[in-house]
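Have a look at the structure below before the remarks.
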Amino acid sequence: MPQQARHPPRTPSVAATALPPGALLAAYAETQAYTDCYSVTVGRPVSFAEFIEAFYTTPPFKLERWLLGRFAGLASTDAEVRLLAQGQASRFAAWQVEAREPHQAILAAGRTRSWLMVAPHPAESDATTTLFFGSAVVPRKRGGMGWPFNALLGFHKLYSRVLLGTAARRFARGTAES
């Protein structure tokens with residue numbers, strides 16, 4: 001009997017999407033703030049704690065953490081990420097937990113907000129999970145977003161997709177390890 005070829009797990013595809021119902025980030029979407037939302041579905045159950053840990057320990061985010069430590073004095077460790085993921089810390093590098101629910105959280109840093117959410121689909125035969133990542137940028141008190149926002153928006157959108165896609169690939173491989 002011929003052997004079946006092994007296929008690597010399909011790389012999940014990140015898509016820009018509307019905010020799901022009940023998203024904490026929706027409060028910002030209803031204001032003058034810039035908001036975005038990206039999602040990807042992975043073929044296994046993923047807890048919110050697993051998602052936070054995977055997201056903030058991806059190689060691209062570790063580079064961001066290193067830059068924050070080096071140039072802003074806001075160093076962070078993987079152990080601090082684990083505490084954040086487990087709900088045992090409310091600060092992490094430049095971010096402060098602004099709101100947290102069992103499946104989602106918003107972290108604030110200055111005028112920016114980072115939002116993460118998991119939406120499990122346990123009734124499906126393969127028990128998938130949709131991972132969400134979004135951002136909000138609150139306008140300055142006097143007049144709009146400013147030129148740095150406009151100059152960096154394209155990079156921000158690409159970086160958001162890279163961060164979410166890198167975390168999702170860990171789950172597609174069956175591990176959240178870095």
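At-a-glance table
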| read-out | value |
| --- | --- |
| Whichever residue in the stretch 56-65 is surrounded by 15 or more Cβ atoms within 10 Å (Cβ to Cβ) and not charged (D, E, K, R) and, among such residues, is nearest to the chain's Cα centre (by Cα) | TYR56 |
| Of all residues making up the stretch 71-96, the number that are touching a helix residue (DSSP H, G or I) at 6+ places or on another chain (Cβ under 7 Å), surrounded by fewer than 21 Cβ atoms within 10 Å (Cβ to Cβ) and within 21 Å of ALA168 (Cα to Cα) | 2 |
| Condition check for LEU68: surrounded by 13 or more Cβ atoms within 10 Å (Cβ to Cβ), at pLDDT 95 or above, over 16 Å from the mean Cα position of the chain (by Cα) and over 17 Å from LEU24 (Cα atoms) | no |
| Given (1) under 19 Å from PRO20 (Cα atoms); (2) among the aliphatic types (A, V, I, L, M); (3) not in a strand (DSSP E or B), index of the condition LEU67 fails | (1) |
| Long-range neighbours under 8 Å by Cβ, at least six apart or interchain, first residue over 17 Å from VAL40 (Cβ atoms) within the stretch 150-166, second among the polar types (S, T, N, Q) and surrounded by 14 or more Cβ atoms within 10 Å (Cβ to Cβ) | HIS156/SER135 |
| Test: residue in the stretch 107-122 that is in contact with a Lys or Arg (Cβ under 6 Å, 6 or more places away or on another chain) and crowded, with 16+ Cβ neighbours inside 10 Å | no |
| Qualifying residue in the stretch 46-55 (condition: surrounded by fewer than 20 Cβ atoms within 10 Å (Cβ to Cβ), at pLDDT below 95, part of a loop (DSSP other than H, G, I, E, B) and not aromatic (Phe, Trp, Tyr)) | no |
| Residue within the stretch 170-177 that is modelled with pLDDT of 95 or more and either among the aliphatic types (A, V, I, L, M) or not in a strand (DSSP E or B) (or both) present | no |
| Any hit, the stretch 126-148, residues being in contact with a Pro (Cβ under 6 Å, 6 or more places away or on another chain), surrounded by 15 or more Cβ atoms within 10 Å (Cβ to Cβ) and at pLDDT 85 or above | yes |
| Odd one out for GLN88 among (1) closer than 29 Å to PRO21 by Cβ; (2) touching a strand residue (DSSP E or B) at 6+ places or on another chain (Cβ under 7 Å); (3) outside any strand (DSSP E or B); (4) among the polar types (S, T, N, Q) | (2) |
| Residue in the stretch 79-98 that is closer than 18 Å to SER39 by Cβ and in contact (Cβ under 8 Å) with a residue 24 or more places away in the chain present | no |
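The values are calculated or read from the model by the stated rules, or taken from the named source; none is laboratory data. Given the structure is predicted, the values throughout are model-derived calculations rather than measurements. Here Cβ is always computed from backbone atoms with ideal geometry, including for glycine, and neighbour counts include all displayed protein chains.
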